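Read the structure below first, then the notes.
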Amino acid sequence: MINLNTLVEETGAESGLSFNIDGILTESVNLEYDGNVAAMIGMILKMCLEMSEDVNNGDLKQVMIKNNDGIVVASKDSEDNCVALLSKDVSKMGLLLRKMDSIFNN
């Protein structure tokens with residue numbers, strides 16, 4: 001199992017959460033309205049998963065959302081367990097993507 005506190009600390013993300021694909025929150029770090037955020041990111045992952053299947057583009061592994069105030073990187077495993085990291089520093093995007101890949105590919 002992923003230690004969310006360690007993951008947030010190692011990546012320098014401001015916050016993180018773990019949840020399932022249905023948006024049911026398991027754990028969060030430094031995040032207000034964590035249940036709502038888990039539900040919204042879960043829905044995004046589910047919609048992207050279905051789109052990926054519809055266009056025969058392989059299994060969905062990760063979604064990255066970039067906005068004016070930062071980024072969100074969300075990944076899921078084969079059992080539909082999900083983790084999302086949120087950062088206000090867009091320059092950390094590569095680190096977040098790489099760290100999530102290393103966690104979910106091991």
The lysines whose Cα lies under 20 Å from the Cα of Lys46, excluding any fewer than 8 residues away in the same chain, are Lys61, Lys66, Lys76
Dividing the surface of the Cα convex hull of the chain by four yields a projected area in nm² of 6.3
Largest first and rounded to whole Å, the semi-axes √(5λ) derived from the alpha carbon gyration tensor of the stretch 34-85 read 19, 13, 10
Candidate cut points under GluC sites (Glu not before Pro) in the stretch 45-94, DSSP loop plus at most 13 other Cβ atoms within 10 Å of their own Cβ, are Glu79
By the mean-Cβ-within-10 Å protection proxy, highest first, 57-69, 25-37 rank as 25-37, 57-69
Taking Lys and Arg as +1 and Asp and Glu as -1, residues besides Leu95 with C-beta under 12 Å from its C-beta add up to 0
Between Ile44 and Thr6, Cβ-based FRET efficiency (R0 25 Å, step 0.05) works out to 0.50
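Values quoted throughout were computed directly from the atomic coordinates according to the rules given, and no laboratory measurement underlies them. Given the structure is predicted, the values throughout are model-derived calculations rather than measurements. All Cβ positions, even for glycine, are placed from backbone atoms using ideal geometry, and neighbour counts span all protein chains on display.
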